[in-house]
Amino acid sequence: MAKLIGNYTVPGQTTENVKPGQAGATEREKAEGAHQAQVSEFERRAMGKLGGSIAFVMKGKNVLWTGDKTAGSNKGTGNEK
Amino acid sequence: MDLVAQATFQKTAEIGFAHAKQNLPYMKQTVLDLPPTSPEKGTSAISMAAGPSLHRRETIQKIKQLNYRGTLVVADGAMGHCLRNGVIPDYVVCVDPHPTWIIRWFGDPDLAKREDDDYFRRQDLDPALNTKERERNDELIRLVNEHGPKIKVIMATCVAPNVVARCREAGMPLYWWNPICDDYDAPNSHTRRLYDLTGMPCMVTGGNGGASAWIFANAILEKSPVAFVGMDLGYAPGTPLSKTQYYHELIKFYPEDRLSEAYIEIHNPYLNETWYTDPTYYWYRQCFLDVVKQSGWTAYNCTEGGTLIGEGIEWMALDQFIKEQQGSCQLSAVS
């Protein structure tokens, strides 16, 4: 899936001569940090809308899990550990 | 695809847990308490999702005409299409914790009070839902009330309480399970938290109701072979993008003239057609391929359309599957 892009200034585009740690750089780094947080939040919300019905994971061949006690059923694919 | 997986977890985990808390008083039986299917049903099963091939290929009409006597497990979204066409499934699987959409598959008594939502009209899943929504909803309420007691609901603990109430109102027997949403051996596992709360057995989901139906037929009913129908996980050639399930979300991120870049084309060599899919359906497809590969079960794809092609999936015409499997059903089942 394509990376989500916003209409922001690419880091380094306008202040590329400022070195890290300098006053200008600190301001820029703060702004970038805030911006990245905004982008992350935007992506999180965007993907929240695109998410599926229910989460999915599968450990090995295990289809069923009935807790740590011995399962009362041998159903599944027979390879539960 | 990891983003979709994470988004799905974030979208469903907490609300699902809250629903499970509310559903606790009704968790009387688990999926492990299900009575075995009768010998007349034979060894095979068909699981059904609500993809566009269901009506494009007249799947339910074929099941009816060929008098399939095996076990029929449907995702909630496909139940209405079955009932409208005179087919009563044995089981309906319900797993999505969405608070307002899912009850619609059972007939929503409060539809008139809901905010207008074109979720159902936009989908090509069942054209019956594209027109006369209120009348169709009323019809479904009547059908579910009439046939519900004969249909066992395979209910995930995370499903919205209004769905549980609707099923109970219709007299549908409930059999509960927890969806496996993460690694139950990991610290702070959500799945373990659900298990500790409910005590219900946990089952892999496959990411959606159709996949869960297929897994349930294999893992709990121990049916073999299990075919699936209506599981396109994609859109037929020529389907307008505006008719796809996540169109309203994708259009927010892509300009109209580049919207098609959000979709993925998949050539189906059996049909010699190029279908397309969106990121979420593509994730479902990958989930299902993972389940098939890791479980070692063969999946018979009798959808006759769609994008689900891969290792462990056998492409087969539905009438061939039914004809081959009728022999395992006892003749006494003929009605």
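The values are calculated or read from the model by the stated rules, or taken from the named source; none is laboratory data. Just so it is clear, the structure is predicted and the values come from calculations on it, not from any experiment. In case anyone asks, the SASA skips ligands and DNA or RNA and just uses the protein heavy atoms, side chains included. Shrake-Rupley method; radii C 1.70, N 1.55, O 1.52, S 1.80 Å.
Worth pointing out:
- The shape of region B:75-230 comes out prolate: with a ≥ b ≥ c from the C-alpha gyration tensor, a/c is at least 1.5 and a/b beats b/c.
- Solvent-accessible surface of protein heavy atoms, probed at 1.4 angstrom with all chains present, puts B:308, B:24 in the order B:24, B:308, largest first.
- Percent accessible area from carbon and sulfur atoms, chain B, protein chains only, probe 1.4 Å: 48 percent
- Distance from region B:48-79 to region B:1-47 (C-alpha centre basis), Å: 21 Å
- Choice from B:86, B:70, B:230 with maximal GNM fluctuation in chain B (Cα, 10 Å cutoff): B:86
- Hydrodynamic radius of chain B by the Kirkwood approach over all distinct alpha-carbon pairs: 20.2 Å.
- Overall dimensions of region B:185-317, expressed as equivalent-ellipsoid semi-axes from the Cα gyration tensor (√(5λ), whole Å, largest first), are 29, 22, 11.
- Report summary: the helix-based calculation at 222 nm, which adds -39500 (n - 2.57) for every DSSP H run with n ≥ 4 and divides by the residues of chain B, gives -10500 deg cm²/dmol.
- Taking the C-alpha atoms of region B:245-335, convex hull volume expressed per residue in Å³: 143 Å³
- With 29 Å as the limit, the listed pairs A:61/B:150; A:61/B:11; B:62/B:243; B:21/B:243; B:21/B:150 have A:61/B:150; B:21/B:243 beyond it between alpha carbons.
- Amide H contacts of residue B:92 (H built 1.01 Å from N, under 5 Å, at least 5 apart or other chain): B:74, B:152, B:153, B:154
- Accessible surface of residue A:59 - all protein chains present, 1.4 Å probe, nearest 10 Å²: 70 Å²
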